[in-house]
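Take a look at the structure set out below.
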């Protein structure tokens, strides 16, 4: 059985909570750093996950308008968590969680909320104070002290952006990257394909593209590559 008050009390230890108009079983949460939100969660406690046949339509009606108002990094951090007391078959869970339109989706059993919160947010406790010192230097020192200098010296994917912009030719020589003594061949990137565009809400007014910053697009590609590989 789902008791909305109990769930809000638990979630409220890690999020700032607001109610959602016309949806008594759904509430909106923010994670804040400084004074700005960096993560948005919608928790659906209706316990009717099996009744949602059109997950894209449900998502757009829930947060589509807000999503387009918050252009930028915040659009990468929208989530919908379905809290359920029922036994949901794996096929349904997989269908929901594989859908990433507008927001990533999670299916969380009501008796697993405490474990989920502990796994996600109680690693080292919460800390809103700015980080002192140079974080990259701190990580570099930690890696070297633990015999992982090979990682500290590794050239990250983002360094390839200037090379892409300067133009890699078809006859570019293979570049060799040494990782902990093992040589791996890294070929030049000759083509990048983009698929699965985000659909635009029909409620939005017509808009026109103006200046396109190719550099930003390449940078986003490498960021997605790095995030998706962990």
For region 19-29, the count of residues that are without any contact (Cβ under 8 Å) to a residue 12 or more places away in the chain and assigned to a strand (DSSP E or B) equals 1
Complete set of residues in region 30-59 that are part of a strand (DSSP E or B) and more than 15 Å from residue 113 (Cα to Cα): 30, 31, 32, 33, 36, 37, 38, 39, 40
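Going through 126, 94 one at a time, which residue ends up being within 23 Å of the chain's Cα centre (by Cα), within 30 Å of residue 46 (Cβ to Cβ) and at pLDDT below 90? Please lay out each step first, then the result.
Values: 94 fails: at pLDDT below 90.
It is 126.
On the given criteria, is residue 106 in contact with a strand residue (DSSP E or B) (Cβ under 7 Å, 6 or more places away or on another chain) and farther than 20 Å from residue 7 by Cα?
no
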Can you pull out the residues in region 49-108 that are in contact with a helix residue (DSSP H, G or I) (Cβ under 7 Å, 6 or more places away or on another chain) and at positive phi? 102
So which residues in region 89-103 are crowded, with 16+ Cβ neighbours inside 10 Å and free of Cβ contacts under 8 Å to residues at least 60 places away in the same chain? 93, 96, 99
How many of the residues in region 35-45 are surrounded by fewer than 18 Cβ atoms within 10 Å (Cβ to Cβ) and either in contact with a strand residue (DSSP E or B) (Cβ under 7 Å, 6 or more places away or on another chain) or in contact (Cβ under 8 Å) with a residue 60 or more places away in the chain (or both)? 3
Restricted to region 1-11 and to residues being farther than 11 Å from residue 28 by Cα and touching a residue at least 12 places away in the same chain (Cβ under 8 Å), the residue surrounded by the most Cβ atoms within 10 Å (Cβ to Cβ) is 7
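Let's see how each residue does on (1) over 18 Å from the mean Cα position of the chain (by Cα); (2) within 17 Å of residue 20 (Cα to Cα); (3) not assigned by TED's automatic domain parsing to the domain that holds residue 14:
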| position | (1), (2), (3) |
| --- | --- |
| 40 | no, yes, no |
| 46 | yes, yes, no |
| 56 | no, no, no |
| 64 | no, yes, no |
| 74 | no, no, no |
| 80 | no, yes, no |
| 87 | yes, no, no |
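The values are calculated or read from the model by the stated rules, or taken from the named source; none is laboratory data. Keep in mind that what you see is a predicted model, and the values were worked out from it rather than measured. Note that we place each Cβ from the backbone using ideal geometry, even for glycine, and neighbour counts take in every protein chain shown.
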